[in-house]
Amino acid sequence: MGAAMPKLTKKQREAMEKNEIRAERANTALNAYCDIAGTDPDGSVRDLLSDLMHHCAMSGVDFDDELSSAYMNYRAEKEDESS
């Protein structure tokens with residue numbers, strides 16, 4: 001038998017629930033993108049990111065800065081699941 005899973009705190013459960021909602025929102029956005037762009041779901045993340053790069057370049061937004069900031073947000077949101 002495997003070791004018992006540690007009991008999650010209320011804060012950890014809430015963080016996990018919020019992250020599940022975030023993932024569901026992203027899935028909805030990716031599905032809409034696939035419908036609009038007529039792309040295959042297998043490459044949808046790559047294709048959406050590429051299109052966002054074009055959008056940022058045309059809009060004067062630094063994609064690399066946004067991606068770095070998004071990654072830091074993601075790490076903090078994941079950290080909330082374990083603290």
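The numbers here are math on the coordinates, done by the rules we state, and not lab data. For clarity, every value in this text was computed on a predicted model and none was experimentally measured. Counting neighbours? That spans all protein chains shown, and the Cβs are built from the backbone with ideal geometry, glycine included.
One table, with the values for the structure above:
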| quantity | calculated |
| --- | --- |
| Span-rule helices in the chain, defined as complete DSSP H runs reaching 18 Å or more along the axis (Cα) with Kyte mean at least -0.5 | 44-59 |
| Neighbourhood charge, 9 Å Cβ-Cβ cut-off, centred on Asn19 and excluding it, Lys, Arg +1 and Asp, Glu -1 | -2 |
| Charge sum, other residues only, whose C-beta stays under 14 Å from Ala37's C-beta, Lys/Arg counted +1 and Asp/Glu -1 | -4 |
| Fraction in percent of alpha-carbon pairs per bin - 10 Å, the stretch 10-82 | 18, 37, 35, 10, 0 |
| Among Ile36, Met16, Ser68 - extreme Cα towards positive end, dipole of the chain, charges at beta-carbon | Met16 |
| Within the chain, helix-based [θ] at 222 nm, where runs of 4 or more DSSP H residues each add -39,500 (n - 2.57), nearest 500 | -27000 deg cm²/dmol |
